[in-house]
Amino acid sequence: MTLSTTPEAAAAAERFAAAARQRPTQIAHIILRTRDRLQELADYYSVLLDAKPVNVGPNNIFLTFDDEHHRVGIFQFPNVAERLHNAPGLDHFAFTLPSVTALFARYEKVKAAGITPFAPINHGVTTSMYFYDPDGNRVELQADNFDDTQAALEFVESVDPSSIGVLYDPQEVLARLKSGVSEQQIIEEMKSSFGPTTFEVIELVSAPWTDPRRRD
Ligand SMILES: [Fe+2]
């Protein structure tokens, strides 16, 4: 016995076949869980990302900084455990600034609010800064060193895969940008100074976070 197909069902089958080839379009949001730092974390991400709260509950705060209804959220649960040093799982998440100048302007702004990166890393393909939020989650701000996705991909595929980057001095780069050195000049220097990972980078990225509140 053959199944009879209506024209509507045939059209729906085509739409479903096309839809099944679609991939996710973006990362929608990051939700963090905390034991008792709900407001502290919300304040931190408000400054770091220039985000604003869009929904504030007694134990949850959602923030956005762009056209997404919520990009970052914080859930507070009283039964959340102490962070284990070197626990497996998410290492960090990253947000892209529209340009290298925008990255350093943000650096200057958040620094004035007391937020400084623990690891400024030149990844070659990106200029990056890594921060610890008040709960020890790692968050990266980055700017692409390539305008063109294909050129960026070729760079990533061509460099030493064992290198995760080299350190740079963000204060020095900021000062140079502010003195009039072109963004393109800074980017070229970032690309050409990318090389084997140094010991300091490995130490910084593998170091366990210590909660400043811990007394032991
Ligand atoms: Fe990263």
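Does segment 137-167 hold any residues that are among the β-branched types (Val, Ile, Thr) and either more than 27 Å from Trp209 (Cα to Cα) or over 17 Å from the mean Cα position of the chain (by Cα) (or both), and which are they? Residues satisfying the conditions are Thr149, Val156, Val159, Val166. Which ones in segment 30-47 are of a type in the set (Ser, Thr, Tyr) and either under 18 Å from the mean Cα position of the chain (by Cα) or part of a helix (DSSP H, G or I) (or both)? Those that are of a type in the set (Ser, Thr, Tyr) and either under 18 Å from the mean Cα position of the chain (by Cα) or part of a helix (DSSP H, G or I) (or both): Tyr44, Tyr45, Ser46. Looking only at residues of segment 125-143 that are of a type in the set (A, V, I, L, M, F, W, C) and over 18 Å from Ile186 (Cβ atoms), we find that the one that is nearest to the ligand (Cβ to nearest atom) is Val139. For segment 174-184, give me each residue that is within 21 Å of Asp147 (Cβ to Cβ), of a type in the set (S, T, N, Q) and more than 24 Å from the chain's Cα centre (by Cα). Matches in segment 174-184: Ser182 only.
Return yes when Pro78 is exposed (fewer than 15 other Cβ atoms within 10 Å of the Cβ), away from the ligand (no atom under 16 Å from the Cβ) and not aliphatic (A, V, I, L, M) and no when it is not.
On the way: exposed (fewer than 15 other Cβ atoms within 10 Å of the Cβ): yes; away from the ligand (no atom under 16 Å from the Cβ): yes; not aliphatic (A, V, I, L, M): yes.
Judged against the criteria, Pro78 is a match.
Considering only residues that are more than 13 Å from the ligand (Cβ to nearest atom) and in contact (Cβ under 8 Å) with a residue 60 or more places away in the chain, look in segment 87-108 and name the one that is farthest from Gln171 (Cα to Cα).
So the first thing to find is which residues in segment 87-108 are more than 13 Å from the ligand (Cβ to nearest atom), and the list is 87-89, 97-108.
Pick out the ones that are also in contact (Cβ under 8 Å) with a residue 60 or more places away in the chain and you get 99-101, 104, 107-108.
Details: Ser99: 17, Val100: 13, Thr101: 13, Phe104: 9, Tyr107: 9, Glu108: 8 Å.
Within segment 87-108, the match that is farthest from Gln171 (Cα to Cα) is Ser99.
Please specify each residue of segment 113-124 satisfying the condition of being of a type in the set (Val, Ile, Thr) and near the ligand (Cβ under 10 Å from one of its atoms). Within segment 113-124, Ile121 is the sole residue that qualifies. If only residues of segment 151-196 that are closer than 17 Å to Met129 by Cβ and of a type in the set (Val, Ile, Thr) are counted, the one that is surrounded by the fewest Cβ atoms within 10 Å (Cβ to Cβ) is Ile164. The strands (runs of 3 or more DSSP E) falling completely within segment 48-108 that include 2 or more residues that are more than 25 Å from Ile186 (Cβ to Cβ) and out of contact with any strand residue (DSSP E or B) (no Cβ under 6 Å at 6 or more places or on another chain) map to 52-56.
For segment 147-183, a residue qualifies if it is closer than 16 Å to His123 by Cα and among the hydrophobic types (A, V, I, L, M, F, W, C), and the qualifying residues are Ala151, Ala152, Leu153, Phe155, Val156, Val159, Ile164, Val166, Leu167, Val173. Please tell me if Ile27 is modelled with pLDDT of 95 or more, in a loop (DSSP other than H, G, I, E, B) and either closer than 18 Å to Phe62 by Cβ or not polar (S, T, N, Q) (or both). Yes, satisfied.
The values are calculated or read from the model by the stated rules, or taken from the named source; none is laboratory data. Everything numeric here is computed off the predicted structure, so don't read it as measured data. Cβ atoms come from the backbone with ideal geometry, glycine included; neighbour counts cover every protein chain shown.
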